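The values are calculated or read from the model by the stated rules, or taken from the named source; none is laboratory data. None of these values were measured; they are calculated from a predicted model. Backbone-built Cβ (ideal geometry, glycine too); neighbour counts: all protein chains shown. Calculation scope for accessible area: heavy atoms of the full protein, side chains included, ligands and nucleic acids excluded. Shrake-Rupley method; radii C 1.70, N 1.55, O 1.52, S 1.80 Å.
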Amino acid sequence: MIYGYGADKEPFREEANARLVSMYSAELTLVAKVQCGERLLLLDPASDEEQQCEVVSITEQLDGSNVIGVRFRHSVWGFWSTTKFSDGR
């Protein structure tokens, strides 16, 4: 679950899919429009663990969604290992 403020400054909450994850970054698919430099909050609903991140790249997709690259200040590998991936891992 991702929380943030869209390009129109309105708050949003969206269930997003992680496409690629690492210790300090991730690529997420998101419908909400965000801007580089924006700070987002990721929440794992299963554990209630939260991680703050910053948007570092945005790639618009043909279906209207965006692939956003985010960066974390600290290693978040434990966050990803407790999150259930959409492909069942």
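Those residues that are within 8 Å of the chain's Cα centre (by Cα) and polar (S, T, N, Q), I need them from segment 23-56; list them, please. Once the filter is applied, which keeps residues that are within 8 Å of the chain's Cα centre (by Cα) and polar (S, T, N, Q), segment 23-56 yields only Thr29. Checked against (1) touching a Phe, Trp or Tyr at 6+ places or on another chain (Cβ under 7 Å); (2) modelled with pLDDT of 90 or more, Ser75 passes all but condition (2).
In segment 20-35, is there at least one residue being of a type in the set (Lys, Arg) and either touching a helix residue (DSSP H, G or I) at 6+ places or on another chain (Cβ under 6 Å) or within 22 Å of Phe79 (Cα to Cα) (or both)?
No, segment 20-35 contains no residue that is of a type in the set (Lys, Arg) and either touching a helix residue (DSSP H, G or I) at 6+ places or on another chain (Cβ under 6 Å) or within 22 Å of Phe79 (Cα to Cα) (or both).
Restricting attention to segment 6-17, the residues that are under 16 Å from Gln52 (Cα atoms), touching a strand residue (DSSP E or B) at 6+ places or on another chain (Cβ under 6 Å) and open to solvent by 40 Å² or more (accessible area, probe 1.4 Å) total 2.
Would you kindly identify the strands (runs of 3 or more DSSP E) lying entirely within segment 1-75 that contain at least 2 residues that are of a type in the set (Gly, Ala, Ser)?
Details: elements: 2-5, 11-14, 17-21, 25-30, 39-44, 49-60, 66-71.
Where strands (runs of 3 or more DSSP E) fall fully within segment 1-75 and carry at least 2 residues being of a type in the set (Gly, Ala, Ser), they are 25-30.
Do the conditions hold for Val56, that is, is it touching a strand residue (DSSP E or B) at 6+ places or on another chain (Cβ under 9 Å), β-branched (Val, Ile, Thr) and modelled with pLDDT of 95 or more? Yes. Only one of the numbered conditions (1) at pLDDT 90 or above; (2) out of contact with any strand residue (DSSP E or B) (no Cβ under 6 Å at 6 or more places or on another chain); (3) surrounded by 14 or more Cβ atoms within 10 Å (Cβ to Cβ) is violated by Gly37, and that is (3). For Ser65, the conditions (1) surrounded by 14 or more Cβ atoms within 10 Å (Cβ to Cβ); (2) within 12 Å of Phe79 (Cβ to Cβ); (3) among the hydroxyl-bearing types (Ser, Thr, Tyr) all hold with the exception of (2).
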